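The values are calculated or read from the model by the stated rules, or taken from the named source; none is laboratory data. All figures in this text were calculated on a predicted structure; none of them were measured in a lab. Cβ atoms come from the backbone with ideal geometry, glycine included; neighbour counts cover every protein chain shown. To get the accessible areas, we keep the full protein, side chains included, count just its heavy atoms, and leave off ligands, DNA and RNA. Shrake-Rupley method; radii C 1.70, N 1.55, O 1.52, S 1.80 Å.
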Amino acid sequence: MGKYPLTTEVEHHRQVSDRLIEHARAALREGDMIQASEKAWGAVAHLVRSVAEEHGWRQQSHRDLHRNALAIIQSTDDPQQNRVRLGAANGLHQNFYNDNYDVEMVRDNLQAVEALLGAMQEAVSRPSP
């Protein structure tokens, strides 16, 4: 398990998610739009992986990741807004490869990702009915 031998896979992915969003903020401050974009996307991906791991969901492809993200989003207080925020995360992932976004676009999408992460974390931490 790499650097985190004393944690579960679930905890590991949540820690990585937290660390990556911090790296995204730092990269944005430093003017590195490519790294800010990919780190923000990675934060979402790792949070989704932690939940998928916890629930035993399939995690073999990018399609699985997207399907799992949508499943988590359905349990948030505002699924419609959080689907839009997931689109912002996907846009940042694409920006890593295309480098089309200016600083304002990366900043706006990063804020959407931060809101998405908060909503997803809140949804998965609620006790089951």
Query raised in the report: So, of the residues in segment 24-46 that are closer than 20 Å to V10 by Cβ and aliphatic (A, V, I, L, M), which turns out to be surrounded by the fewest Cβ atoms within 10 Å (Cβ to Cβ)?
Result: A45
**Report entry** Members of segment 88-129 found to be among the acidic types (D, E) and within 19 Å of H46 (Cα to Cα), listed by number
**Finding:** E114, E122
Query raised in the report: Of the conditions (1) within 13 Å of the chain's Cα centre (by Cα); (2) closer than 17 Å to G118 by Cβ, S37 fails just one. Which one is it?
Result: (2)
Query raised in the report: Applying the selection to segment 91-129, what residues are farther than 16 Å from I21 by Cα and among the aliphatic types (A, V, I, L, M)?
Result: V103, M105, A123, V124
Query raised in the report: From the residues in segment 71-120 that are aromatic (F, W, Y) and in contact (Cβ under 8 Å) with a residue 12 or more places away in the chain, which one is surrounded by the fewest Cβ atoms within 10 Å (Cβ to Cβ)?
Result: F96
Query raised in the report: Can you name the number of the only condition in (1) at pLDDT below 95; (2) closer than 21 Å to E9 by Cα that P129 fails?
Result: (2)
Query raised in the report: Is it true that R49 is part of a helix (DSSP H, G or I), open to solvent by 10 Å² or more (accessible area, probe 1.4 Å), at pLDDT 95 or above and closer than 19 Å to V10 by Cα?
Result: yes
Query raised in the report: Inside segment 52-70, can you point out the residues that are within 24 Å of V106 (Cα to Cα), open to solvent by 50 Å² or more (accessible area, probe 1.4 Å) and either at pLDDT below 95 or among the small types (G, A, S) (or both)?
Result: H62
